[in-house]
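The values are calculated or read from the model by the stated rules, or taken from the named source; none is laboratory data. Model, not experiment: these values are computed from the prediction. With ideal geometry, Cβ positions are generated from the backbone for all residues, glycine too; neighbour counts draw on all protein chains shown. Please note that ligands, DNA and RNA were not included when accessible areas were found on the heavy atoms of the full protein model with its side chains. Shrake-Rupley method; radii C 1.70, N 1.55, O 1.52, S 1.80 Å.
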Amino acid sequence: MNNLRRLAAVLLSLMMLLSLCATASAESAAPYEELKYLNGQLRVGMECAYAPNNWQESEASDTNVPIENVPGAYAEGYDVQWAKIIADYLGLELVIVKMDWDGLIPALNEGQIDAIIAGMMDTAARREAINFTTPYHATEYGMMVNAGSPFEGAKTIQDFSGASVLGQKDTALDTVIDQINGVEHLNPVSSIPDMVARLQQGACDAIVVNVENAPAYMTSNPDFRLITFAEGDGFELPAKGSCVGIRYDDEDLCRLANEALATVEQAQRDEMWNTAAEKAPA
């Protein structure tokens, strides 16, 4: 009889434990009711080629995320950490999809991905196609030149009059070039690595860069020089910084993503950025 009582007590304890585990799992994994159409996943598009915002790695770590459409590859960087924060807040599994920059907005509107987290600015032109959250990272634009360049001592963007300047296609890194009087505005290229390579090869006098990203470029290219500008002497930007891109129909997702962004204080944002900058590939 005692053995039966012990067995019954053990079975009761196990049932209670399993019930608690199931409840905890359901509470932690259940998405918001209004996001059930996402089927438990948040599919995020990015280039995986824009360090320290995002880049690709070949080995798994505690902080990177597998890239769905590149077997054996992992996404890492500042944008990846934000994607994780938002997905965790929403109770969704994070899926990273690697895409070319100019394919991100079409992929979002076609339903291939649910969000763009790729250092994308909220500009008037992009607003015609998609919606944006509040900024998760502020930015400043500068110019990158080679050491010994006649433009190395530039103090204002107008000092680059006559220079051949290169930007990235379909970004403000390209469109702001026309703010320079008399500039030779080169045909833009599709990626930041391409811009960096062309400057290194001497195919242009300068490239437009995000100032906060510049240390990573200079680490692998010690002959590069960053030119920054005092307020009023630099570029006039169309937006304040990087935002999450979301379809217009996904109003609940946009609202909840904004809630997730608001949970992160500036000190933590700075720490996230500094960590990404330190880890970014040279």
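Values computed for the structure shown
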read-out	value
Charge dipole magnitude, Cβ of K and R +1, D and E -1 - the chain, Cα centre, debye nearest 20	860 debye
Additional length obtainable on full extension of the chain from Asp252 to Glu184, 0.36 nm per residue less Cα span	20.0 nm
Cα long-axis angle, helix 2-29 against the chain (0 to 90 degrees, to the nearest 10)	30 degrees
Between 0 and 90°, nearest 10: helix 78-90 axis offset from the chain longest Cα axis	30 degrees
Protection-proxy order for peptides 150-157, 266-273, 209-216, each taking the mean of Cβ atoms within 10 Å per residue, highest first	209-216, 150-157, 266-273
With every protein chain in place, the stretch 178-282: carbon and sulfur % of accessible area (1.4 Å)	43 percent
Rounded accessible area per residue of the stretch 150-282, 1.4 Å, Å²	50 Å²
Charge sum, other residues only, whose C-beta stays under 11 Å from Ala49's C-beta, Lys/Arg counted +1 and Asp/Glu -1	-2
Residue-span extension gain [Met218 to Ala197] - 0.36 nm each, minus C-alpha spacing	6.4 nm
Gain upon complete extension [Glu110, Glu231; 0.36 nm per residue less C-alpha separation]	39.6 nm
Protection proxy ranking of 56-64, 186-194, 232-240, 159-167 - average other beta-carbon atoms within 10 Å, highest first	159-167, 186-194, 232-240, 56-64
Residue-normalised accessible area of the stretch 72-145, expressed per residue, 1.4 Å probe, Å²	33 Å²
Among Met121, Met195, Met218, residue whose mean-square fluctuation peaks in a GNM of the chain (springs only between Cα atoms under 10 Å)	Met218
FRET efficiency estimate (nearest 0.05) - Cβ-Cβ, Glu59 to Asn39, R0 22 angstrom	0.15
Fraction of accessible area attributable to carbon and sulfur, the stretch 34-102 (%, probe 1.4 Å)	46 percent
In degrees, nearest ten, helix 251-262 long axis to first principal axis of the chain (Cα)	80 degrees
The stretch 125-170, accessible surface, carbon-and-sulfur percent (1.4 angstrom probe)	50 percent
